[in-house]
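Enquirer: I'd like to ask you about the structure that follows.
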Amino acid sequence: MARTEFSKCIIATINFKGGTGKTTVAIALAEGLCRLLRKRVLIMDCDFQCSASIALLGRNALNHLIAMNATLDCQLERQIDGVGGLQLSDAVVDARLCVKEASQLMFLLPGNPDMPRRERQILTSFLPGRDIHSAYQRASTKIAELYRSLLAEYDLIFVDCPPGLTLFSEAALKAADGLIIPTLPNEISFAALDHLRNEIARTRSGRTLEDMLVGTVISKLSERGGGAHHSSQSASIERLLDRVAPGFRILKPYLPYCRELEAMTWRADKGGVDFAHRYGQSAALIEQLTEALADRCRTFFAACHPKAKGRSPQVSNA
C-alpha cells in the first residue's frame with residue numbers, strides 16, 4: 001500500500017459491553033500498523049483482566065512485573081504521589097510476543113488484576129477538601145494528562161479499555177483523539193453505545209460520540225459465508241446500519257469468528273511468528289482493515305485539526 005501518514009494520536013478501543021473483541025482488535029490493528037507503516041505503537045492495557053498483557057508478554061512475564069509493581073496502575077500511583085524522577089514511560093516494556101514484523105516497534109504498558117484497588121488508592125490523593133465527584137474528575141483528568149505525555153515517544157497509542165467505566169477508562173476518554181468501537185453483530189452490542197454516548201457528553205465538554213468516532217469494527221461474524229447464520233448476521237447488521245448510518249462509520253471488512261482470532265490473545269509460542277502465520281486465514285482481512293483504519297485516521301484527524309497537525313485535545317475537569 002502507499003504510505004499513509006496521519007498525526008500522532010491516542011485511540012481508545014472501547015465498548016461498555018464485554019466480549020466484543022476490544023483486545024483482539026487493538027492488538028491486530030497495532031501489529032498491522034507496525035507491519036504496514038512502520039509506526040511505533042504502544043498498547044496501554046487498562047483492563048484488569050489483562051488479556052492484552054498476557055497476549056503480548058506471556059503470563060509468567062506479566063506475573064513478574066506485577067510482583068515488581070511495574071504495571072500501569074502502580075506507575076500512575078507513584079507519579080500522582082510525587083515520587084521523584086519517574087515517568088509513565090518507565091513502565092513500558094517491549095511486546096515480546098508480537099508478530100515478527102512488529103518487533104522493536106510495538107510496546108506495552110501492562111495491566112494488573114489489582115487495578116480496581118489501585119484506583120481507590122489513587123482517588124484518595126484527590127479527596128482532601130473535595131467531594132467524591134470532584135475528586136474523581138480531577139483524578140481522571142490528571143491520569144489523562146499522563147497518558148498524553150507518552151505521545152512524545154510513540155506514533156500511536158491504543159488504550160485497551162475494560163467493559164464498563166473505570167477511573168482509567170474515563171481518563172482514556174479524556175485523553176483520546178479518537179475512538180474505535182469493536183462490536184458484535186447484534187442489537188445488544190450496538191445498544192451499549194448509548195451509554196458511551198452519554199459518558200462522552202459528560203467527560204468531554206462540547207464533544208460527541210460522532211466527533212470522536214474513528215470507526216466501528218464488526219467482530220465475530222459467522223465465518224461460513226454461505227451459511228444461514230452468516231446471512232442472518234449480515235442482514236442484522238444491515239438493518240442496524242439502515243437505522244443509524246452513517247453515524248457508526250463501519251470499518252470494513254468485518255472480522256469473522258475463527259480459530260486464529262479467537263486464540264490470538266492466548267499466544268503459546270515464544271514470539272517471532274510472522275504476521276501471515278499468526279493470523280492464518282484472517283491475515284488478508286486484518287491487512288485490509290489496517291489499511292482502512294490508516295486511511296480513516298488520515299482523513300479523520302485532518303478534518304479535526306486542519307490547521308494544527310497533531311494538536312492535543314483539551315483535557316478538562318468537566
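Enquirer: Go through 289-297, 249-257 and give me the packing order, highest mean Cβ count within 10 Å leading.
Expert: Numbers: 289-297: 20.2, 249-257: 18.4.
Going by the mean number of other Cβ atoms within 10 Å, highest first, we get 289-297, 249-257.
Enquirer: Which trypsin sites (Lys or Arg not before Pro) from the range 125-195 combine a DSSP loop assignment with at most 16 other Cβ atoms within 10 Å?
Expert: Values: sites: Arg130, Arg138, Lys142, Arg148, Lys174; in loops: Arg130.
Passing both the DSSP loop test and the Cβ count: Arg130.
Enquirer: How much of the calculated P(r) for the range 9-304 lies past 33 Å, in percent of all Cα pairs?
Expert: Numbers: 8838 of 43660 pairs.
That fraction is 20 percent.
Enquirer: Still on this structure: Just to confirm a number: summing +1 for Lys and Arg and -1 for Asp and Glu over residues other than Phe126 whose beta-carbon lies under 9 angstrom from that of Phe126, what do you get?
Expert: +3
Enquirer: Given a cut-off of 18 Å, name the pairs among Lys8/Lys39; Lys17/Lys252; Lys22/Lys100; Lys39/Lys220 whose C-alpha atoms lie farther apart than that in the structure shown. Kindly include the intermediate steps, with their values, before the conclusion.
Expert: On the way: Lys8/Lys39 10 Å; Lys17/Lys252 21 Å; Lys22/Lys100 22 Å; Lys39/Lys220 27 Å.
Where the Cα-Cα span goes over 18 Å, the pairs concerned are Lys17/Lys252; Lys22/Lys100; Lys39/Lys220.
Enquirer: Calculate how many DSSP beta bridges within the range 9-304 are antiparallel, expressed in % of all such bridges and rounded to the nearest 5.
Expert: Numbers: 2 of 28 bridges.
Within the range 9-304, antiparallel bridges account for around 5 percent of the total.
Enquirer: I've got another one for you. Which order do the peptides 24-35, 110-121 come out in when sorted by mean C-beta neighbours inside 10 angstrom, highest first?
Expert: Numbers: 24-35: 26.7, 110-121: 18.3.
Those peptides, ordered most packed to least, come out 24-35, 110-121.
Enquirer: Where does each of 10-23, 272-285 land if you order them by average Cβ count within 10 Å, highest first? Intermediate results must be reported in sequence, preceding the final value.
Expert: Details: 10-23: 23.8, 272-285: 16.2.
Peptide ranking by packing, descending: 10-23, 272-285.
The numbers here are math on the coordinates, done by the rules we state, and not lab data. Everything numeric in this text was worked out from a predicted model, so none of it was measured. Virtual Cβ from ideal backbone geometry, glycine too; neighbours counted across all protein chains shown.
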